[in-house]
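The values are calculated or read from the model by the stated rules, or taken from the named source; none is laboratory data. Here the structure is a predicted model, which means the values were calculated and not measured. In this analysis, Cβ positions are derived from the backbone assuming ideal geometry, glycine residues included, and neighbour counts consider all displayed protein chains. We work out accessible area using only protein heavy atoms, side chains counted, and drop any ligands, DNA or RNA first. Shrake-Rupley method; radii C 1.70, N 1.55, O 1.52, S 1.80 Å.
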Amino acid sequence: MTNRTPIIGGNWKMHTDLESGMQLAGAIVDYVDALTNDDEEQPVNVVVYPPFPYLQAVESITGESSVLCGAQNLWTEEEGAFTGEVSPLMLKDVGVSMVLTGHSERRHVVGESNALVGQKTQRALESGLDVTLCVGETIEQRTEGSTLAVICNQLTEGLESVTAETIKKVVIAYEPVWAIGTGHTASPEDAQSVHASIRAHIASIFTGDIADSIRIQYGGSVKPENAKDLFACPDIDGALVGGASLSADSFNAIIQASL
Ligand code: PEP
């Protein structure tokens, strides 16, 4: 890793309940706050993404700390007749500061297109939220050799409306679909190679300086046992963690591995 501050996200997906979510958040806050002196720069940024109904309760715990409260999804409009959707303004209203767009379960279970992911990214940024844009190939795409073409398209469309100014509010998460929730992690060499290509593609859309400063997380079965080797790669700036973020012990150990 270079001088980019690592960023570790915990995507709780559709797990936890009110009580266990608040306990989990409390244990993460205690751990992260003990890592930082008031007058020092934070050594790592940590974001938790609870389910929508628990955002406000979790934010009441993270709000006074350096841990950020994020949302797993949003809608493309700020207000209106969109039954069942959640607006970026509502997220901001309850203290959310970051949102995931393009998570593989949104793309492949719900069917979100690259274009919709781009619209969500645009809306989130325009409404003042930071964004973690997730990209990644399926096993079929990897096998047929189209990994980089798929990811470059996801980046180009996902960042369609993003400017040299608003890109500062974006983190990229590379999450090979075949590694999410399967226990199969990309090797550090494979992950590093894709991260370097993502950085090169960002340079081609924006500038080399922007590509150097953007943070690219790896996601896909990250655990305390494999985190250190992944974080040792020069283009891997942290992790987006699913399963292992549901236990404070394993999530905090992953945070520790990034330091
Ligand atoms: C994720 O949901 O973004 C993820 C990477 O999940 P897991 O760590 O369980 O593979």
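Structure values in brief
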{"quantity": "Filter pass, Thr207 being open to solvent by 10 Å² or more (accessible area, probe 1.4 Å) and modelled with pLDDT under 95", "calculated": "no"}
{"quantity": "Options Ala239, Ala244: the member that is within 14 Å of the ligand (Cβ to nearest atom), touching a helix residue (DSSP H, G or I) at 6+ places or on another chain (Cβ under 8 Å), of a type outside the set (S, T, N, Q) and not in a helix (DSSP H, G or I)", "calculated": "Ala239"}
{"quantity": "Filter result for the condition that a residue is under 26 Å from Gly26 (Cβ atoms), among the aliphatic types (A, V, I, L, M), open to solvent by less than 60 Å² (accessible area, probe 1.4 Å) and in contact with a strand residue (DSSP E or B) (Cβ under 6 Å, 6 or more places away or on another chain), over Val117, Val96", "calculated": "Val96"}
{"quantity": "Qualifying residues in the stretch 165-191 (those that are among the aliphatic types (A, V, I, L, M) and not in a loop (DSSP other than H, G, I, E, B)) - the one farthest from the ligand (Cβ to nearest atom)", "calculated": "Ile167"}
{"quantity": "Residue pairs meeting the criteria (Cβ under 8 Å; at least 6 apart or on separate chains; first over 20 Å from Gly21 (Cα atoms), in the stretch 230-253; second open to solvent by 20 Å² or more (accessible area, probe 1.4 Å) and within 15 Å of the ligand (Cβ to nearest atom))", "calculated": "Leu230/Thr185"}
{"quantity": "Looking only at the stretch 27-52, and only at residues there that are within 16 Å of the ligand (Cβ to nearest atom) and assigned to a strand (DSSP E or B), the one that is surrounded by the fewest Cβ atoms within 10 Å (Cβ to Cβ)", "calculated": "Val47"}
{"quantity": "Some residue of the stretch 5-25 being within 15 Å of the ligand (Cβ to nearest atom), open to solvent by less than 70 Å² (accessible area, probe 1.4 Å) and among the hydroxyl-bearing types (Ser, Thr, Tyr)", "calculated": "yes"}
{"quantity": "Answer residue from the stretch 206-236, given it is assigned to a helix (DSSP H, G or I) and within 14 Å of the ligand (Cβ to nearest atom) and is farthest from Thr166 (Cα to Cα) among those", "calculated": "Glu225"}
{"quantity": "Total residues in the stretch 127-154, condition open to solvent by 10 Å² or more (accessible area, probe 1.4 Å), acidic (Asp, Glu) and in contact (Cβ under 8 Å) with a residue 24 or more places away in the chain", "calculated": "1"}
{"quantity": "All positions within the stretch 99-114 that are open to solvent by 50 Å² or more (accessible area, probe 1.4 Å) and away from the ligand (no atom under 16 Å from the Cβ)", "calculated": "Gly111, Ser113"}
{"quantity": "Residue identified as outside any loop (DSSP other than H, G, I, E, B), within 17 Å of the chain's Cα centre (by Cα) and within 26 Å of Asp237 (Cα to Cα) among Leu74, Leu24, Leu55", "calculated": "Leu55"}
{"quantity": "The stretch 198-231, residues that are within 18 Å of the chain's Cα centre (by Cα) and hydroxyl-bearing (Ser, Thr, Tyr)", "calculated": "Ser213, Tyr218, Ser221"}
{"quantity": "Helices (runs of 4 or more DSSP H) lying entirely in the stretch 92-164 (those with 2 or more residues that are of a type in the set (A, V, I, L, M, F, W, C))", "calculated": "114-126, 147-158"}
